[in-house]
Amino acid sequence: MAATTPGAARAQHEPLTPGHPLTGAQCLDLFDAQAIARHLDFAARRLGREGHGYYSIGSSGHEGNAAVAGALRVNDPALLHYRSAGFFVQRARRVPGLDPIRDVLLGVVAAAADPISGGRHKVFGSKAAHVIPQTSTIASHLPRAVGLAFALERAAQLGVPCEWPADAVVVCSFGDASANHSTAAGAINTAVHTTHLGVPMPVLFVCEDNGLGISVPTPRTWIEHAYGSRPSLRYFDADGADLLEAYSAAEQAAEWVRAQRKPAFLRLRTVRLLGHAGSDVESAYRRPAEIAADLRRDPVSRTARLLISSGIATPGELLRRYDDLGARVTATAESVRDEAKLTSAPAVMRSLAANRPTVVRTDALRTTDRAGTTPPALTAEDGERMTLAQAVNRTLAQLLTRDPDVLVFGEDVGRKGGVYGVTKGLQQSFGVRRVFDTLLDEQSVLGTALGAALAGFVPIPEIQYLAYVHNAEDQLRGEASTLSFFSDAQYRNPLVVRIAGLAYQKGFGGHFHNDNSIAALRDIPGVVIAVPARADDAAALLRTCVSAARMDGRVCVFLEPIALYHTRDLHRPGDGGWLAPISDVRHADIGRARVHGTGTHLTIVSFANGVPMSLRVARRLAARGVHARVLDLRWLSPLPVEDLLDNARATGRVLIADETRRSGGVSEAVCAALLDAGFEGRIARVTSEDSFVPLGPAAATVLLDEDRIEAAAGKLLAAP
């Protein structure tokens with residue numbers, strides 16, 4: 001600062017330079033945000049060295065992103081990169097009553113008093129400041145940002161209450177290395193594609209390009225080469241160390257997105273100071289000259305020089321201002337270092353998901369819309385016996401009729417009505433604003449759902465096949481299910497993901513269309529997994545999932561057995577034994593099973609395709625004088641443990657007929673639940689093989705079948 005020639009004294013209300021929108025007072029305000037962000041990095045590292053802090057990925061060198069916060073409105077929703085401290089500090093300081101210094105440091109020390117995560121993770125987030133919390137994201141939040149931008153407009157069109165104004169701009173920031181991730185490429189492609197179709201997409205992508213992915217350099221021209229000339233994506237570029245340039249570019253970008261309702265990409269050229277994180281030693285992979293060059297581009301020093309050369313402040317005034325802010329940060333760090341932490345598993349898990357079965361039941365049984373009127377379609381008694389596919393279709397129609405917050409979308413769900421016709425006719429009845437086709441990109445399908453959920457909808461996205469969801473599972477694990485956890489339930493991600501899956505399609509399609517791998521879904525904390533086997537259960541479970549999403553913010557997976565979609569018969573051709581009306585049962589409590597029969601000799605536990613197979617086996621056993629009951633789990637997460645135990649104890653013998661794999665399948669969890677509860681009877685299981693499902697008749701060699709169930713039942717019954 002001493003080497004900078006002071007300019008003629010100037011009033012703070014004057015522009016820094018002629019024609020530039022930034023005044024001296026605004027520049028001082030942004031300098032304060034940058035300085036606070038820098039001191040927060042220093043404090044986080046000190047706390048870590050002293051054993052009181054648990055997070056040290058800093059923002060030093062990226063403080064120019066404070067200019068982006070200054071150019072946007074406070075109520076423009078923001079999803080921030082972990083190096084966007086300058087943005088967060090500037091945004092939070094504009095909201096009366098917020099103290100970003102204390103809030104950030106409470107997160108660093110994992111204090112239970114942290115106002116956003118409640119001590120679960122250090123995140124940039126604030127409900128009052130409209131900053132939606134993200135953890136250590138590698139672009140996984142971009143699909144959600146695109147979905148939110150899409151949903152803002154859709155909510156305004158459909159009259160669905162939304163906490164953000166219809167002319168808001170969604171801003172999301174990320175690093176240059178993350179820009180290469182498939183989620184970034186897919187999300188930006190979706191934004192461009194949506195705009196190409198003429199659909200509003202008010203999202204501002206901010207790439208904070210420091211030229212490094214931990215230790216791997218990003219070529220200087222790569223970001224512009226990759227994103228600078230894409231059709232329907234307006235590109236802006238600015239030096240993040242130059243506050244005037246950064247603010248001007250950010251303001252132009254924000255105004256363009258707000259006016260045009262189209263996406264823009266702002267490349268903010270930054271530097272990375274202090275290394276990647278606390279344990280990172282830059283000298284191991286960077287030359288001293290490179291590190292020194294970055295130090296010369298320090299944005300905090302550059303802003304100070306700007307203020308001095310413009311005559312807004314003297315070097316002494318800025319040094320005192322910087323030191324005073326540092327002292328405040330240091331004092332706050334001292335005050336939070338011993339704050340209470342979360343000390344019990346229930347306290348940690350409290351924000352995972354609400355569980356209010358009575359509230360959910362009341363909503364599921366509701367026959368009136370939000371205005372209190374009863375649509376005719378919901379009052380007519382319908383005794384028609386249906387297939388599972390027909391039941392899903394009819395229930396979706398009823399939900400769309402009753403609730404304007406419901407959206408149904410996915411690849412081919414619109415005009416085609418889905419690969420198996422399950423959504424046939426819905427778009428014609430409810431229009432393209434509520435039932436619509438998406439790109440063939442599962443990350444974008446789920447990202448649209450995540451954004452729509454934030455905007456006030458209850459989205460029901462469809463993934464065509466279970467194997468396809470694995471392409472985008474992190475949108476469920478890393479984004480949807482964690483949002484409530486890391487925001488202390490201040491934000492929720494209500495959604496019901498419909499997935500066609502499981503096997504038994506008579507050899508069709510091979511393993512991509514006959515996938516029985518659900519272990520990855522069952523492993524996600526808080527996620528509800530429903531698997532109906534028959535029409536009446538499909539209707540009841542779907543209604544319950546939608547109400548659990550709406551009322552409790554639950555993330556639900558509704559797994560539909562493809563082979564049972566159009567099944568009509570149970571025991572013999574033409575008996576219609578697997579058809580059922582859907583008007584009798586309108587709700588099914590989460591975690592409650594369904595029991596078929598009252599046999600006292602054996603309990604066969606199954607789900608999905610295993611249920612009709614087990615019922616046929618039970619009938620053959622009955623002909624031999626052995627009376628079995630069949631317990632349809634229906635809910636694979638959480639498992640219906642209470643019903644499982646009651647029916648296991650009623651017979652003393654349990655056979656688990658599990659169509660998933662022997663390793664990592666559902667049967668392992670069922671066995672564990674019985675053993676944990678002290679069940680003293682006999683337990684056996686029969687499963688599909690640990691194999692992918694092959695094409696054609698070979699599928700029968702690896703899948704569970706009735707003969708194996710019956711043989712296992714006989715062996716179990718013969719044992720003493």
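Observations on the model:
- When only the Cβ of Lys, Arg, Asp and Glu is charged (+1, +1, -1, -1), the dipole of the stretch 18-109 relative to its Cα centre reaches about 120 debye.
- DSSP-defined beta bridges in the chain - what % are antiparallel, rounded to 5: 15
- Cα Rg over Rh - the stretch 483-549, Kirkwood: 1.05
- Value at 222 nm in deg cm²/dmol, rounded to 500, when DSSP H runs of n ≥ 4 in the chain each add -39,500 (n - 2.57): -12000 deg cm²/dmol
- Among Val160, Gly652, Leu466 - extreme Cα towards positive end, dipole of the chain, charges at beta-carbon: Gly652
- Paramagnetic reach from Arg415 in the stretch 424-459 [backbone N under 20 Å; point 7 Å along Cα→Cβ]: 424-441
- Separation of alpha-carbon centers, the stretch 514-590 and the stretch 397-439, rounded to whole Å: 18
- Segments 31-43, 608-620 sorted - mean Cβ within 10 Å per residue, highest first: 31-43, 608-620
- Here the stretch 1-64 was treated as a single set of alpha-carbon atoms; its pair distances binned every 10 Å from 0 give 19, 31, 27, 16, 6 percent.
- Kirkwood estimate for the stretch 384-540, i.e. one over the average of 1/r between Cα atoms, Å: 16.2
- This ranking places Trp256, Trp164 by how few other beta-carbon atoms lie within 10 Å of each, fewest first, which gives Trp256, Trp164.
- The stretch 1-133: C-alpha pair distances exceeding 26 Å, %: 27
- Percent breakdown of C-alpha pair distances by 10 Å bin, ordered from the shortest bin, for the stretch 300-350: 21, 27, 19, 15, 13, 4
- Trypsin sites (Lys or Arg not before Pro) within the stretch 446-527, DSSP loop, no more than 12 other Cβ atoms inside 10 Å: Lys506
- Highest mean packing first, where packing is the average number of other Cβ atoms within 10 Å per residue, the peptides 539-550, 623-634 line up as 539-550, 623-634.
- Entries in Lys506/Lys715; Lys127/Lys341; Lys262/Lys424 that, when Cα-Cα distance is taken, lie over 26 Å: Lys506/Lys715; Lys262/Lys424
- Point-to-point label distance, Ala284-Arg592, nm (Cα→Cβ direction, 7 Å offset): 5.7
- Average projection, convex hull of the Cα set of the stretch 130-205: 5.1 square nanometres.
- Based on the Stokes-Einstein relation at 4 °C and a viscosity of 1.567 mPa s, and on the Kirkwood radius from alpha carbon pairs, the stretch 233-341 is assigned a translational diffusion coefficient of 75 µm²/s.
- Sorting 297-305, 231-239 by average packing, meaning the other beta carbons within 10 Å per residue, from highest down gives 297-305, 231-239.
- Alpha-carbon centroid distance for the pair the stretch 193-260 / the stretch 2-44, whole angstrom: 24
- Dipole in debye (nearest 20) - the stretch 285-374, about Cα centre, beta carbon charges: Lys, Arg +1; Asp, Glu -1: 300
- What you get for the stretch 492-648, charging only the Cβ of Lys and Arg (+1) and of Asp and Glu (-1), is a dipole of about 280 debye around the Cα centre.
- Between the amide H of Ser637 and those of Ile529, distances stay under 5 Å, these residues lying 5 or more places away or on another chain, with hydrogens modeled in the peptide plane.
- The trypsin sites (Lys or Arg not before Pro) of the stretch 423-472 that meet both conditions, a loop assignment by DSSP and at most 15 other Cβ atoms within 10 Å of the site Cβ, are Arg433.
- For the stretch 555-694, the share of alpha carbon pairs falling in successive 5 Å distance bins from zero is 2, 9, 18, 23, 21, 16, 9, 3, 0 percent.
- Table column - 3J(HN,Hα) (Hz), the stretch 83-90, Karplus curve with 6.51, -1.76, 1.60, x for Gly and Pro: 9, 9, 4, x, 4, 4, 4, 5
- For Ala293 and Glu706, the difference between the fully extended length at 0.36 nm per residue and the C-alpha to C-alpha distance is 141.5 nm.
- With the largest listed first and rounded to whole Å, the semi-axes of the equivalent ellipsoid of the stretch 41-118 from the Cα gyration tensor are 22, 15, 9.
- Tail fraction, Cα-Cα pairs, the chain, threshold 48 Å, whole percent: 26
- Top positive-direction residue, dipole computed over the chain with Cβ charges, set Ile36, Thr567, Val203: Thr567
- Taking the chain, the Cys residues with no second Cys beta-carbon under 4.7 angstrom are Cys27, Cys162, Cys172, Cys207, Cys671.
- Over 29 Å [Cα-Cα, the stretch 288-442], rounded percent: 59
Coordinate-derived values only; no laboratory data. None of these values were measured; they are calculated from a predicted model. Backbone-built Cβ (ideal geometry, glycine too); neighbour counts: all protein chains shown.
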